[in-house]
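Each reported figure results from applying straightforward, stated rules to the coordinates on display, with no laboratory input. Every value quoted in this text rests on a predicted model; they were computed, and no experiment measured them. Positions of Cβ are backbone-derived with ideal geometry, glycine not excepted, and every protein chain shown enters the neighbour counts.
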Amino acid sequence: MLILIMCNPNGETYQLSENLESLKEKLEVEKETGFSTRLILAKVKPDVEFGFGSDGNFFAEEIIDEWYKK
């Protein structure tokens, strides 16, 4: 399973998919036009924890792409 996390000043939104290309396209659109300040595309496994550590770093099975607004 894949997850795209879109962080912005008002919180986060999440999109789950099995389609990597679809989420990569969404990530690129969010970079250009979205309100997001941080984007994370990651692979996660059922029944395995993923999330943000106390220092704000994201952990998952595999982080495919991560972007921060400059």
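Within a Cβ distance under 12 Å of LYS45, other residues only, what is the Lys/Arg minus Asp/Glu net charge? Mind showing how you got there, number by number?
Values: positive: LYS43; negative: ASP47, GLU49, GLU61, GLU62.
Combined, the nearby Lys, Arg, Asp and Glu give -3.
For the chain, the number of Lys pairs separated by eight or more positions or lying on different chains, with C-alpha atoms closer than 16 Å, is 5.
With N counted as the residues of the chain, its alpha-carbon radius of gyration over 2.2 N^0.38 Å works out to 1.04.
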